[in-house]
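Here the structure is laid out as structure tokens; the discussion comes afterwards.
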Amino acid sequence: MIFLSLTSAFQGTPFAAGYGAAKAPTLTLAEALAFELEPWGVDVLAVCPGPVATEGTADMDTSSFPIGPMQTPPVVRSALDALGHRTSIVPGLPNALVVQLGKLLPRSLNTRLMGAIFGRAFHLTRR
């Protein structure tokens, strides 16, 4: 089983709050199912990419992102290579570094950074 989560599963993501929040339980569900289903030989993987060049990012100004959107084929290749070996992955070294940096920063600062990035991407600002 492959579940599609996002790097947003690891932190609050202003201006995409509901979407990001929906991806956190996807990550934890996949991790739990991987443990539960292992005795039956069922492989479970959560794939947590950053932005991917799809219809979803087509209308976004991704120039404010620390890295540009990944193309779909490398994300799929990473998932297929990891299935059966890991329970979750963050495809792309820059995306993995962003997630690790987010784990080191205070959550409030990380949320502010994500708000600045996504606010610019969606041409939104806080009042």
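The values are calculated or read from the model by the stated rules, or taken from the named source; none is laboratory data. Please read all numbers here as calculations on a predicted model, not as lab measurements. Here the Cβ positions follow ideal geometry from the backbone for every residue, glycine too, while neighbour counts run over all protein chains shown.
What residue, among those in region 97-117 that are in contact with a helix residue (DSSP H, G or I) (Cβ under 8 Å, 6 or more places away or on another chain) and either not aliphatic (A, V, I, L, M) or not in a helix (DSSP H, G or I) (or both), is surrounded by the fewest Cβ atoms within 10 Å (Cβ to Cβ)?
Looking at residues that are in contact with a helix residue (DSSP H, G or I) (Cβ under 8 Å, 6 or more places away or on another chain) and either not aliphatic (A, V, I, L, M) or not in a helix (DSSP H, G or I) (or both), I get Lys103.
I'd like to know if region 71-83 contains one or more residues that are in contact with a Ser or Thr (Cβ under 7 Å, 6 or more places away or on another chain), over 27 Å from Arg120 (Cβ atoms) and modelled with pLDDT of 95 or more. Give the steps one after another, and end with the answer.
Going residue by residue through region 71-83, those that are in contact with a Ser or Thr (Cβ under 7 Å, 6 or more places away or on another chain) are 72.
Checking which are over 27 Å from Arg120 (Cβ atoms) leaves us with none.
No, that holds for no residue.
So, in region 11-46, exactly how many residues are in contact with a His (Cβ under 9 Å, 6 or more places away or on another chain) and of a type outside the set (D, E, K, R)? Spell out the reasoning first.
Our first condition is that a residue be in contact with a His (Cβ under 9 Å, 6 or more places away or on another chain); within region 11-46, this holds for 43, 45.
Narrowing the set further to residues that are of a type outside the set (D, E, K, R) leaves 45.
So the count comes out to 1.
Could you check region 1-38 and list, in sequence order, the residues that are aromatic (Phe, Trp, Tyr) and closer than 16 Å to Leu109 by Cα? First the steps, then the outcome.
Let us first name the residues in region 1-38 that are aromatic (Phe, Trp, Tyr), namely 3, 10, 15, 19, 35.
Listed by number, the residues that qualify are Phe10, Phe15.
Could you grab me the full set of residues in region 77-96 that are at negative phi and not in a helix (DSSP H, G or I)?
To start, the set of residues in region 77-96 that are at negative phi comprises 77-83, 85-91, 93-96.
Hits for region 77-96 are Leu83, His85, Arg86, Thr87, Ser88, Ile89, Val90, Pro91.
Name the pairs whose Cβ atoms lie under 8 Å apart, with the first residue in region 69-87 and closer than 17 Å to Met1 by Cβ and in contact (Cβ under 8 Å) with a residue 24 or more places away in the chain, the second hydrophobic (A, V, I, L, M, F, W, C) and not in a strand (DSSP E or B), and 6 or more positions between them or separate chains?
Filtered contacts from region 69-87: Thr87/Ala30; Thr87/Ala34; Thr87/Phe35; Thr87/Val44.
Show the residue pairs meeting these rules: Cβ distance below 7 Å; 6+ apart or different chains; first residue within region 27-47 and within 19 Å of Ser78 (Cα to Cα); second residue in a helix (DSSP H, G or I) and among the charged types (D, E, K, R).
Ala46/Glu31
Which residue, of Thr54, Thr13, Thr26, Thr7, is in contact with a Cys (Cβ under 6 Å, 6 or more places away or on another chain) and not aliphatic (A, V, I, L, M)?
Thr7 is the lone residue from the list that is in contact with a Cys (Cβ under 6 Å, 6 or more places away or on another chain) and not aliphatic (A, V, I, L, M).
Out of all the residues in region 1-26, which are within 23 Å of Arg77 (Cα to Cα) and among the polar types (S, T, N, Q)?
Correct list: Ser5, Thr7, Ser8, Thr26.
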